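Student: Below you'll find the structure I mean.
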Amino acid sequence: MFKLKNREFSVTVDVSNLPCGLNGALYFVGMEETGNMGNGNNAGAKYGTGYCDAQCPHDVKFIDGQGNTLDWKTDPSSPNSGNGKWGSCCAELDIWEANSVSNAFTLHPCKTPVQYKCTTPEECGDSPDHRYDPAGLCDKDGCDFNSYRAGVTDFFGEGKTVDTTSPFQVIT
């Protein structure tokens, strides 16, 4: 578990070969510390259970100790991937999302303070029809900061203040 209050951390990144259209990210989610161990879940976070984020992903195979098999649709391009009926929602803090051209910092709040299994398209915010539904649990778009959109067009990118042609350190 990360204890972020009154702390600083850093990461060195190299986005020189990450073109526009791709995204590298460093983010935190409101996942429960044990990965929802118990309640039928004997694996826990160590084995990847309990994941959630503000997009309420449906490809999570176990949610709240139950297999996400109801209405499971296998991805035709990958037999190990697919989507079930339920989504796994929780708040998300994108510390850094970027490629060699652009970057952003984004907050994605949710109405629930902990991981929550959404069960309907409305609360999961599924499809364009329900993304902004009042019953939705999370702000999938989030509130972000991007220096270019804020008018500082010479800050991030190739040859700019933060020169993305070489590795650099992100400190927060």
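Student: Between TYR27 and residues 5 or more places away or on another chain, which pairs have amide H atoms under 5 Å apart, with H built 1.01 Å from N, and which residues are they?
Tutor: Those lying under 5 Å, H to H, from TYR27 are ILE95.
Student: Tell me which chymotrypsin sites (Phe, Trp or Tyr not before Pro) from region 83-172 have a DSSP coil assignment and no more than 14 other beta carbons within 10 Å of their own. It would help to have the intermediate numbers written out before the result.
Tutor: On the way: sites: TRP86, TRP96, PHE105, TYR116, TYR132, PHE145, TYR148, PHE155, PHE156, PHE168; in loops: TRP86, TYR132, TYR148, PHE155.
When the chymotrypsin sites (Phe, Trp or Tyr not before Pro) of region 83-172 are filtered for loop state and at most 14 Cβ neighbours within 10 Å, TYR132, PHE155 remain.
Student: Taking the mean number of other Cβ atoms within 10 Å as a proxy for protection, how do you rank 29-36, 12-19 from highest to lowest?
Tutor: 29-36, 12-19
Student: Let me ask something else. HN-Hα J couplings of region 52-68 from phi, Karplus 6.51/-1.76/1.60, θ = phi - 60°, integer Hz, Gly and Pro as x?
Tutor: 8, 7, 6, 7, 6, x, 9, 8, 6, 7, 9, 10, 6, x, 10, x, 7
Student: Per-residue HN-Hα couplings for region 91-101, Karplus 6.51 cos²θ - 1.76 cosθ + 1.60 at θ = phi - 60°, whole Hz, x for Gly and Pro?
Tutor: 4, 9, 10, 7, 5, 7, 10, 6, 9, 6, 10
Student: Now a separate question. If you average the alpha carbon positions of region 149-172 and of region 1-50, how far apart do those two centres end up, in angstrom?
Tutor: Taking the Cα centre of region 1-50 as reference, the centre of region 149-172 is 24 Å away.
Student: For the chain, what is the charge dipole size about the Cα centre, in debye to the nearest 20, if Lys and Arg each add +1 at the Cβ and Asp and Glu each add -1 at the Cβ? Before the final figure, lay out each step's value.
Tutor: Values: 13 positive and 23 negative charges, 84 e Å.
With only Lys, Arg, Asp and Glu charged at Cβ, the dipole is about 400 debye.
Student: Turning to a different aspect of this structure: How large is log10 of I(q)/I(0) for the chain at q = 0.14, 0.19 Å⁻¹ when the intensity is taken from the Debye formula with one equal scatterer per alpha-carbon?
Tutor: Treating every Cα as an identical point scatterer, log10 I(q)/I(0) equals -0.88, -1.24.
Student: Another one. Enumerate the lysines that LYS117 could reach by cross-link, defined here as Cα to Cα under 17 Å, with residues fewer than 8 away along the same chain left out.
Tutor: LYS61, LYS85, LYS140
Student: Below 8 Å, C-alpha to C-alpha, sequence gap of six or more: please give me the relative contact order for the chain in percent.
Tutor: 25
Student: How many angstrom separate the Cα center of region 87-141 from the Cα center of region 52-73?
Tutor: Measuring centre to centre over Cα atoms gives 15 Å.
Every read-out reported here was derived from the displayed coordinates using simple, explicitly stated rules and does not represent laboratory data. This is a predicted model, so every value here is computed, not measured. Every residue, glycine as well, gets a Cβ built from its backbone with ideal geometry; the counts of neighbours run over all protein chains shown.
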